[in-house]
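Since every read-out is calculated from the coordinates, none of them should be taken as a lab result. Computed from a predicted model, the values in this text were never measured in an experiment. When we count neighbours, we look across all protein chains shown, and the Cβ atoms used for this are built from the backbone with ideal geometry, even at glycine.
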Amino acid sequence: NKYCSLKSTDHLIKAGMEFEPLPNLFIRAGYNFASKDHDFIIGGDNVTYNLVTVGVGFGLFDSIVIDMHVEYLDTSLDKNSKIKWSKWSGITTIRLFTF
C-alpha cells in the first residue's frame, strides 16, 4: 500500500499587538504557540512550537512601507525527548502600493 492514513490533532494560538507612537511608525510584537500530534517536516510526535516576534514598520510617502522584524522559534518534541531546535531570524519587507 503506497498510502497511509494518519490522524492528528493540531492546535494553533496566535496573539499580537501593534502600536503607532508617531505617524507612519509602527511597533509590533507577537506570539504563536502550536502543538501537533505528528509533524512530517520535523519528523516527530507531540511537537510544540513557540514563536516570538518583535518588529518595526516605517511608512515612506504614501506608497512605500518598510517592515523589519526579528523572530525566535523554539521547537521541541515530546516532553521526554531531549531533542530541541531553535533559531533566530530577521526579515525585512518592502511593500509598494503603486508603481
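For chymotrypsin sites (Phe, Trp or Tyr not before Pro), the sites in the range 39-83 that DSSP calls loop and that have at most 14 other Cβ atoms within 10 Å are Phe40, Phe61. For the range 61-99 and the range 1-57, write down the distance between their C-alpha centroids in whole Å. Cα centres, the range 61-99 to the range 1-57: 10 Å. Here the gap between Cys4 and Thr92, fully extended at 0.36 nm per residue and compared with their Cα-Cα distance, gives a gain of 27.7 nm. Per-residue packing, averaged as other Cβ atoms within 10 Å, sorts the ranges 2-15, 76-89 into the order 76-89, 2-15, beginning with the highest.
Full extension of the chain segment joining Asp62 with Asp45 gains 1.4 nm, where the gain is 0.36 nm per residue of separation less the Cα-Cα distance.
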